Structure formats: C-alpha cells, structure tokens
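Since every read-out is calculated from the coordinates, none of them should be taken as a lab result. Everything quoted here is computed from the prediction, not taken from an experiment. Reconstructed Cβ throughout: ideal geometry from the backbone, glycine too, with neighbour counts over all protein chains shown.
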Amino acid sequence: MSDQGESRGVTWQIKHRPSYASLTAKLSAGGSLVAEAGSMISHGAGITSETKMHGGILGALGKIISKESMFITTFSAAAPSEVALAPTLPGDIVHIPLSGSKRLSAGAFLAHTDGISLSTVFGGCSSLFGGSGLFMLEASGAGDLFVTGFGALSEISVDGSFTLDTGHLVAWDPGLAYQIKRVGGWKSTFLSGEGLVIEFSGSGKVLVSSRNLSAFVSWLTPWLPA
C-alpha cells in the first residue's frame, strides 16, 4: 500500500498516517478527481467542483439505509492545481490500485480517479444485521481508489476462512463469500460486549480497521451530557 503515486493526470500523496491521514492530489490540466461530498479541506486556483447525487433512486435508498452520503463531488482542473481531502473520522487512508471491483463498507469511500465508477449493490438481508444495511457500495473499473477507516488500516490476505468483527470491516474483494453471525448466543453477546462477526471464505483480500466506530460511540455515550 503506497503513500504516493501518479496516474491518469493525478499525482497524489497520503500524509499524516495513520491517525489523522489526509490526501493531497495534484491535478494536471484536464484532470479530475471524484470525492465524498464534504471531504474537501482546500483547493487551488483553476479547480472547479460539481456536487451531485449518485446512484439514482436505488442508490439514494441504499445510502439512506446504510447511512452513506448520497452525494459526491467532482473536482476538475482547467489548469494544473491541487485538492486536499480528509475523512470525517480520525484515521487512515489507503490507496487501492483498482483493476476489477471492490466492495466497501459504510463510510469507507473517500475518492477515486477517472476510470472507476461507483454503484449501490444489494448485500442481502444478512448485511442488515451486520450494521451495513441492505445495500453497500461497489467500486469497479481501473484506476486509483482511496478508502478510509477509523484507526489504522491493514490488508489481510484470505485463503480459506477469516473471521472479523463487523465493526472493523472496511473493504473486501467481491469474490469472497461471507456469512454474518453472532458471537456465541445472545447471552454471551450481551455479557462480552462483542457483537456480530463476518466469516469470509475463499481467496481474496480484506481491508481491516484497527478501531470500531460503533464500540467507540457506545463507550462515549454515557459520558455525554443528558
């Protein structure tokens, strides 16, 4: 997983990893970058931006259920310039040199270059109970994909089976089969504080975050003023 690179009219660099990562993309004249709406820190002269809904009616429904943003922003450069982006949560950013497709959990998408398209796919009823909703994002094509997660990110190569707490899932290869299960029975789930796990099987890669947002929110809630 590289911290910098260049392709398709974009020279990019990931800074301040892994705790407070940000992405700086230098666009050549005519270059563009598509990003999650609201992720921009700054941009230089010569950059124009256009924000729009993506995914149509099905996409909009999926975003509402999965708590994804319904909007993306396209930054286009009339002259060489740069754009700086950062995710909402403190954490990492990872570059994925995409050639094919990748499934993304809620909140994982940050940006992509030309050659990649985003779509909303039906994840099956089991994903609803995994906290991701019935729908999830799929990035497909060839280009540079940038994803984010809460905490540090690491890539796991799966060859056989792999079990992960659903709150740590960021992205995975669509060729991997999966099932979502409780940790033991309802009693042990309640007493242990552990929730649901996702069991992958097959061969492929899974991107994992070191922190669990749902667990953090649960820890934080009692400390908030009433």
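Long-range amide H contacts for residue 31: which residues qualify at under 5 Å (H placed 1.01 Å from N, peptide plane, sequence gap of 5 or more or a different chain)?
77
With θ set to phi - 60° and the Karplus curve 6.51 cos²θ - 1.76 cosθ + 1.60, what are the ³J(HN,Hα) couplings of region 155-171 in order, to the nearest whole Hz, using x for Gly and Pro?
So the Karplus estimates, Gly and Pro as x, are 9, 10, 8, 9, 9, x, 9, 7, 10, 9, 4, 4, x, 9, 7, 10, 7 Hz.
Treating cross-link reach as a plain straight distance, find the aspartates and glutamates whose alpha-carbon is under 13 Å from the alpha-carbon of residue 26, omitting any fewer than eight places away in the same chain.
Answer for residue 26, where 13 Å is the Cα cut-off: 6, 82, listed by chain and number.
Using the Cβ atoms and a cut-off under 10 Å, what net charge is assigned to the surroundings of residue 10, where Lys and Arg are +1 and Asp and Glu are -1?
For residues surrounding residue 10, the net value is -2.
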